[in-house]
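The values are calculated or read from the model by the stated rules, or taken from the named source; none is laboratory data. Because the structure is predicted, anything quoted here is derived from the model rather than measured. FYI the Cβ positions are ideal-geometry reconstructions off the backbone, even for glycines, and counts take in every protein chain you see.
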Amino acid sequence: MAARRLWFVPYRLRILLRAAFLLLALATLGLALSVLQQEKQLSYTNYQASFRKTGEQISATLRHPAGQLALLNPPSAGAAAPGLRPLLLPFPALDFDDQQKVQQAVAMSGCMRQFGPSANLCAAIGNNPWAGGFIYVAGSVDLARLVSHRSGDEVLNQSHRVRVTVSLRGRTYQWIAPFEEDSRQSTGPYAPLRGRLTGFNAADEGRKHTRPVKDFRGWMWQNAQCNEPAAGANPDTCLRNAFFSVRLPVSVLQEDLFGDDSARRIWPPADLDKIRVSVVLLAPGEGAVVLDSDKSSAASGFSLADLAPMLLPGETLRIDKVAATGAASLIKLAGASGTEDASQHFLTALIRRLPVDTYDTPLAATHRIATPLGSYDVVLAGDVRSVSQSLGVVASRMAWFVGAMLLALMLAWLVIEIGIISRIKELIERADSVARTVKERGDASQPNLSDLRGEDELGVLATCLHDLLRRVREDVEREAIRAEQERDMWHAVGHEIMSPLQSLIALHGTDGNQSARYVLRMQQAIRVLYGRASPSEAFQSTVLQVSEIDLTAFLRNVAANAPCAGVTDVVFHGAPQAVLVRADEYSLEDVVTHVLVNAQRYRLPGTSIDITLEASETSAGVTIANRGPTIADDVIGTIFEYGVSDQEEAGAHGNRGQGLFVARTYMAKMGGTIVAKNLDDGVAFVLTLQRGAA
């Protein structure tokens, strides 16, 4: 765990900054998605309300007489033939002799079709078969003052008249009905006109003693006021609106209803859409045609297809007629395809995946419309894809703002990454490079920081680092000079000491003289330190002359001569037989002496220092133990390092903390080891050496 923390520390600032920008980018995207999800929920709720409203509007439209007229007269599969055809009214019959009722009925049902700029016509039949097999024709047109036909006059072309022709099943019925003014109404140039349309067979026109058709009934009314009143307008010539209503007796239809064959009593007629009606309104005179339904194009009225604009894109409408044997589809409509999708497809796909309650539930509504001739089911199906498409357009616009915010975050990150973090990283790498160079080669050459120096914070830091490294380089150079001076001093001291030592060897070089051993040890120590820059370097670079020595005799001799080195009460415990080991005699004596000196310093007064020898086939172990204080656990692993001492101002008292360092170094060069361990009542140093050849 500690190693991971150490690895993480140098990068935590960079990781923090990058994580902050990443979280900002994720927060921006999350905010956009949250807004889209809420907008989708709101749009879906609005669409549900609009869907219900559309269903109610369609249902209300079809319940109106105009809607029922469209239901009762659905569009035929083929192309409609030109001309006027009778429509099945949502009323049992027309009260043809009452102007207000007829006008209200044809206006509410939408039966009127416009012919030309000022004429309107309606041909229809009632939905009650027992009202008789009649066809009703109603219309309005702008005319000058109506000219009435005089009763008993055999000539019919001197008055305004209406000629009606009905064609069905290979038969043709034609009537001519002149206008006969009602004498009981008020007179005057601006009085309203009202009169009958007396029907005659068109084939009998011009014959004497022609009798009117019994069941033909018709009325015509003209307004009193001119359409465009003006001062001095002639009441006889100004245009005034005239409305007429006619009931036509069609014998074929009456035979279907009241004939002997009851199986043929079907109403409305199955061939209703094949019946053609022609209406011609004539002015007084020969060939003075005011209105001809066959020559004027009729404007289309309301039909079921007109419900399509009420549907939104993707919505479908189906109208089925309910029958005892099942439902027969009357018409199928679909909403107009929307405008070209301006949103990106991936945004639309993303919006469809946003969760919304009941979004995947199909929207459908069924309304039943009752008419006098049966019921109809209006089935409306919604399409929620339009919600995603409409919202996708909004999302496309918002994507530009989100993209701009992400781009701004990226630019800010790049500025910080390139302008700050990369410069910090470069500064750290160059500082680490200097540290490695100083540690490995001792070279404190100053790196080039000119590209990082400047007036901002990092530039000031680079300048300070440059000045600090310059000072470090100067200190290293001074240290090198000092080391060179110390090397020269050691060389001079060694040169001056070696000459007296040579004289001492000449004086004490006889066999068995113990003084010669110490002189030789002094001479070896001088050789070790001679010409070196530091004692540690000198000891580590020493080359020992390893040979086989008798460790038993060596330790017995060391214990006997220990008082000469100031160490008393040294007791050797060992076997009398010889134990041969591989070692350098003088260096091994230095090792033992350093350990004895440390044991002398810390032992309790009046106690001895015990040297014990134990041998095996491959190694020999020497244990030097004293009684006294133990070594602290946190220090016992460092006592063999150079310069370690537990005495304050050790250097001032001649203690440089190098005795145990020398002991470990010499033991390693002789192929042995030295360790320290605490005893119950003191400390023991264990020296291990390799056995020599037997």
### Message
I'm checking my understanding of the structure. Among residues of the stretch 45-85 that are polar (S, T, N, Q) and farther than 18 Å from residue 105 by Cα, which one is modelled with the lowest pLDDT?
### Response
76
### Message
Is it the case, given these coordinates, that residue 480 is out of contact with any Lys or Arg (no Cβ under 9 Å at 6 or more places or on another chain), surrounded by fewer than 16 Cβ atoms within 10 Å (Cβ to Cβ), assigned to a helix (DSSP H, G or I) and modelled with pLDDT of 80 or more?
### Response
no
### Task
From the list 37, 57, 103, pick out the single residue that is within 25 Å of residue 198 (Cα to Cα) and assigned to a helix (DSSP H, G or I).
103
### Task
Residue by residue through the stretch 591-624, note down the ones that are outside any loop (DSSP other than H, G, I, E, B), surrounded by fewer than 19 Cβ atoms within 10 Å (Cβ to Cβ) and among the acidic types (Asp, Glu).
614
### Query
From the list 627, 691, which one is closer than 16 Å to residue 555 by Cα and either at pLDDT 85 or above or out of contact with any strand residue (DSSP E or B) (no Cβ under 8 Å at 6 or more places or on another chain) (or both)?
691
#### Entry: Residue list for the stretch 565-584, filter: crowded, with 17+ Cβ neighbours inside 10 Å and without any contact (Cβ under 8 Å) to a residue 40 or more places away in the chain
574
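Considering only residues of the stretch 269-319 that are of a type in the set (Val, Ile, Thr) and touching a residue at least 40 places away in the same chain (Cβ under 8 Å), which is surrounded by the fewest Cβ atoms within 10 Å (Cβ to Cβ)?
The extreme case among them is 316.
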### Query
Given the conditions (1) farther than 25 Å from residue 68 by Cα; (2) modelled with pLDDT of 85 or more; (3) assigned to a loop (DSSP other than H, G, I, E, B), and given that residue 260 satisfies all but one, which numbered condition is not satisfied?
(2)
### Summary
Flagged in the stretch 168-205 as modelled with pLDDT of 80 or more and under 12 Å from residue 156 (Cβ atoms), in numbering order, are 175, 176, 177, 178, 179, 180, 197, 198, 199, 200, 201, 202
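Take residue 416 and tell me if it is crowded, with 16+ Cβ neighbours inside 10 Å, in a helix (DSSP H, G or I) and touching a residue at least 40 places away in the same chain (Cβ under 8 Å).
Judged against the criteria, residue 416 is a match.
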### Pair list, Cβ under 9 Å, 6 or more apart: the stretch 242-256 residue at pLDDT 85 or above, other residue in a helix (DSSP H, G or I)
243/99; 243/102; 243/103; 245/99; 245/102; 245/103; 245/106
### Query
Conditions: (1) touching a strand residue (DSSP E or B) at 6+ places or on another chain (Cβ under 9 Å); (2) modelled with pLDDT under 90; (3) farther than 28 Å from residue 225 by Cβ. Residue 152 meets all but one. Number of the miss?
(1)
### Total residues in the stretch 320-352, condition of a type outside the set (A, V, I, L, M, F, W, C) and either at pLDDT 85 or above or surrounded by 10 or more Cβ atoms within 10 Å (Cβ to Cβ) (or both)
11
